[in-house]
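Just so it is clear, none of the values below were taken in a lab; they were calculated from the coordinates. Computed from a prediction, not measured in an experiment: that's the story for all the values here. All Cβ positions, even for glycine, are placed from backbone atoms using ideal geometry, and neighbour counts span all protein chains on display.
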Amino acid sequence: MDSVRPERAAIPEQGWQSLRRRNALLPRVALLLTLALLPLGIIAVAQTQRAVDAARDTYRASLSAQTSRLAQPEREAIQSAHGITRGLADALVVLGPTDAVCADLMRYSSSRNDQVVFLGFVDSERRSQCNNFGKSYDFSEIESLQSAMQRGTFTISFNESGGASGKPVVIVQQPVFNEQGVFKGLVNLSVLTEDLVAQRRADRMSEDAVLVTFNHTGQVLTSDRPADQMDAFLPAETSLIDLVGGGKQLFTEKTRSGALREFAVVPIIEGKAYALGSWNPARPLVRDRAFATLTLLFPLLMWLISLVVALVAIRLQVIRPVRILGRQMRDFAEGRRVFRSDALDTAPSELREIGETFSIMAQKVIRDEADLENTVHERDVLIKEVHHRVKNNLQLMSSILSMQARTAPTQDTRNALRKVQDRLTSLAAVHRGLYETPMVSQVRVDTLLNDLLRQLTTLGGGVSEPLDVNVDLEQVVLVPDQAGPLAMLAAEGFTNALKYGSVGVDGRRAIRVTLRPDPDMTDMVMFEIANTVSPGVRTETDQGLGLKLIQAFCAQLDGRLLSNHEEGGWYTMSVRFKVQAFEPDQHTPRV
């Protein structure tokens, strides 16, 4: 057989249709890549969120520092007033409120601090004779003063009219006790609120925030905005008194007017005075919605770009060459065609090696198959030639026996030779059927038996009575090791039916031959020969040669032989055997 040369053919591309295929590579790679990048995306989102949260926390922490810096005028004024009043309270333990030294001390102390408006001692009657003005004042109408005396502790309060100055002031009050611990009065120090606010207005940062200071009772001490505008800057749900005692605090809340703002609380004097900074949340970058959206979309964009790049690379470097190799393999499997595509020239070296290996393997398989077909063909021809020669030899022997029978001296000798001749003729017919079948490994037994029985009918047609032969053969395929014994069994049984059959109840001789698969078990075959017999006529005995041959052939089939007389004048012989599978080491039929 000529060697097969590889042909070069272009393999049509299928585009992205493979994405729709079930269990395709690209969807799997996309899934695996998604799973691989998912933790990185989650980490990126988490890290971005942590960075955003850290930036927000840093920003909010900076609000506390900025609020503390904006409240520096109030802190310095209140802490300075606290120190002054505490020192004067200690001095008044030994000095009398009416002493001239007391008034001089008040004037001296107030002159040391430009922010002080009023500094003086107020006795338990809420009157002041010792003060920096050197005048006598009656503060009995100031309710906050009465409350401070009842508490007997250091307090900070606000007076809108001011008892001595007539202006809004922040009042720092320090209790005075004598040596026996009896309450004597209060040292009052007043500072103008407008001076404190004016100092903060010079700070540019104050443009971004509104600062409010308040005391332990929630009373506002100073404010950057008038009272009628404070609803737009104070929290709606949290009151000022709720913020007392909490130290530094940061929270986000809507104002009384409904706007969302950031709030920072810092203590001026813990438990006594606090500063509340109200900040606009729209200014920091970390709170910008567009910025937050972009940071969250970045991992998704990274996944999408990585996925597209990976899929395109895999499709060009893997999917396309593999698809071409698959097409070549499919063409080779369907029609033993070997193509070589130029598309593999740009494929990775590993896939090119696979393509070259497949091409070499395909050519070797084609050569081996050609050699095998030649060998099988020669074997079939040889086997058929053997069967043909055996058939010719058997026919030659049959002719010799026929010549010998015609010259035999006695009738018994001639009959015996005729029987041997008939069996040789049957055996020759079997071998003729074996070499005429197209496949030596499988034999159509129904066709073989039909030719054999036709020939035997012709040979046995010399009887005077009319003969009806009914042959019902269904398609059955057997291996030669079973086809030969079954054909010999059928020939011997049919010969016996011709020899021992007689006229039935209807006055005619009949033979019925049946071959069919067992309807209950598909791997079993039923073969039956029945002939008519006259009442009282005996069939062949167990000592007959024909019956012994039939039993021998049945044993070769590994079958079961049954015979019986049926009603209506019929004698039936049946064989039931199992179909054997073909095996390469089986030999030709043993006949």
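Assign one of three labels to region 463-503, namely rounded, prolate or oblate, based on the Cα gyration tensor with a ≥ b ≥ c the square roots of its eigenvalues; rounded applies when a/c is under 1.5, prolate when it is not and a/b is larger than b/c, and oblate otherwise.
Judged from the Cα gyration tensor, region 463-503 comes out oblate (a/c at least 1.5, b/c at or above a/b).
Percent of alpha carbon pairs in region 300-431 separated by more than 17 Å?
75 percent
Compute the FRET efficiency between I42 and A333 as 1/(1 + (r/R0)^6), taking r as their Cβ-Cβ distance and R0 = 30 Å, and round to the nearest 0.05.
Efficiency, from the Cβ-Cβ distance: 0.05.
Which is farthest toward the positive dipole end of the chain among A209, T238, V579, measuring Cα position about the Cα centre, with Cβ charges +1 (Lys, Arg) and -1 (Asp, Glu)?
V579
What does the C-alpha gyration tensor say about the overall shape of region 119-215? Classify as rounded when a/c is under 1.5, otherwise prolate if a/b is larger than b/c, or oblate.
The shape class here is prolate.
Please flag any cysteine in the chain that has no other cysteine's Cβ under 4.7 angstrom from its own Cβ.
C554
Full-extension gain between R50 and I360, please, as 0.36 nm times their residue separation minus the C-alpha to C-alpha distance.
105.6 nm
Tell me, what is the percent relative contact order of the chain, built from C-alpha pairs under 8 Å that lie six or more residues apart?
10 percent
Check F118: other-chain or 5+ apart residues with amide H under 5 Å from its amide H, H built from backbone geometry?
S190
Could you state, as a whole-number percent, how many of the C-alpha pairs of the chain are farther apart than 40 Å?
That fraction is 66 percent.
For region 473-559, what is Rg from Cα atoms divided by 2.2 N^0.38 Å, rounded to two decimals?
Output field value: 1.19.
Full extension from L301 to L372: what is 0.36 nm times the residue separation minus their Cα-Cα distance, to one decimal in nm?
19.5 nm
Calculate the translational D of region 375-435 in whole µm² s⁻¹ from Stokes-Einstein, where the hydrodynamic radius comes from the Kirkwood formula applied to all Cα pairs, the temperature is 37 °C and the viscosity 0.692 mPa s.
Calculated translational D: 263 µm²/s.
Which residue, Q328, A552, L304, has the largest displacement toward the positive end of the dipole of the chain when charges sit on each Cβ (Lys, Arg +1; Asp, Glu -1)?
A552
Hydropathy first: keep DSSP H helices in the chain averaging at least 0.5 on Kyte-Doolittle, then drop any whose Cα extent along the axis falls short of 27 Å, and list what survives.
The answer, listed by residue number, is 25-70, 289-314.
Please report the spacing between the Cα centers of region 320-399 and region 205-261 in Å, no decimals.
Using only Cα atoms, the two centres lie 94 Å from each other.
For S349 and T58, compute 0.36 nm times the residue count separating them, minus their Cα-Cα distance, and round to one decimal in nm.
99.2 nm
Using 1/(1 + (r/R0)^6) with R0 = 25 angstrom and r between the beta carbons of D228 and I269, what's the FRET efficiency to the nearest 0.05?
In this case the efficiency is close to 0.30.
Of the chain, which part is the longest with no GluC sites (Glu not before Pro) in a loop (DSSP not H, G, I, E, B) and with at most 13 other C-beta atoms within 10 angstrom?
The answer is 271-473.
When 1/r is averaged over all different Cα pairs and the result inverted, which Kirkwood radius in Å belongs to region 45-100?
Over region 45-100, the inverse of the mean reciprocal pair distance is 15.1 Å.
Enumerate the residues in region 104-136 having an amide nitrogen under 20 Å from the point lying 7 Å beyond the Cα of K184 toward its Cβ.
Residues 104-110, 119-136 qualify, since their backbone N sits under 20 Å from the label point.
Just to verify a number: FRET efficiency for D506 and M403, C-beta to C-beta distance, R0 = 35 Å, to 0.05?
Working from the Cβ atoms, E equals 0.30.
Assign unit charges at the C-beta atoms only (+1 for Lys and Arg, -1 for Asp and Glu), then state the dipole size of the chain relative to its Cα centre in Debye, rounded to the nearest 20.
Dipole about the Cα centre, nearest 20: 1340 debye.
Taking only DSSP H segments of four or more residues, each worth -39500 (n - 2.57), what value at 222 nm results for the chain once the sum is divided by all its residues, to the nearest 500 deg cm²/dmol?
Estimated from H runs of four or more residues: -16000 deg cm²/dmol.
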